[in-house]
Amino acid sequence: ERERAAHLITGKSAAKGPVTVVALMPGFVSRVLVSPEDSVEPGQPMVVIEAMKMQNEVVSEVAGVVREVHVEADQTVKGGDPLITLEVA
């Protein structure tokens, strides 16, 4: 189910501009690995969310620059909550 949801929100980014990465399921943000103005590459981990006793890395699907970090460590998120906004070149 998680993989299916990931395909719905990723891979669409042929367009340039801002892209918001959202939580795919409810969980607990255990680590935020990026900061605003950081460059990210496809496959780079950005946030670690603990859900159902598992640590899930949220990775970038595109190359871009972090414009905004919407969460912080020790925060609870719901499915669909924004995590990171990237500017895609």
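The stretch between GLU87 and SER35, if pulled fully straight at 0.36 nm per residue, gains 17.4 nm over its current Cα-Cα span. Annotation: amide H of ARG67 within the under-5 Å range of GLU37, THR85, LEU86, GLU87, sequence separation 5 or more or interchain, hydrogens built in the peptide plane.
Placing dummy labels 7 Å off each Cα toward the beta-carbon, the span from ALA51 to GLU68 is 2.2 nm. Estimated at 0.36 nm per residue, the fully extended path between VAL22 and LYS78 surpasses their Cα-Cα distance by 19.2 nm. According to the calculation over all Cα-Cα pairs in segment 31-78, the P(r) per 5 Å bin from zero is 5, 21, 29, 25, 14, 5, 1 %.
Ranking VAL40, LEU24, VAL59 by how far each Cα lies toward the positive end of the dipole of segment 22-68 (charges on Cβ) leaves LEU24 at the top. A simple count of charges around PRO45, restricted to other residues whose Cβ falls under 10 Å of its Cβ and scoring Lys, Arg +1 and Asp, Glu -1, yields 0.
The figure for GLU41 is an accessible area of roughly 110 square angstrom, using a 1.4 Å probe on the protein chains alone.
The values are calculated or read from the model by the stated rules, or taken from the named source; none is laboratory data. Bear in mind that the values here come from a model prediction, so they are computed numbers and not experimental data. Methodologically, a virtual Cβ is constructed for each residue, glycine included, from the backbone with ideal geometry; neighbour enumeration extends over all protein chains shown. The protein model used for the area step is the full one, side chains on, heavy atoms only, and it has no ligands, DNA or RNA in it. Shrake-Rupley method; radii C 1.70, N 1.55, O 1.52, S 1.80 Å.
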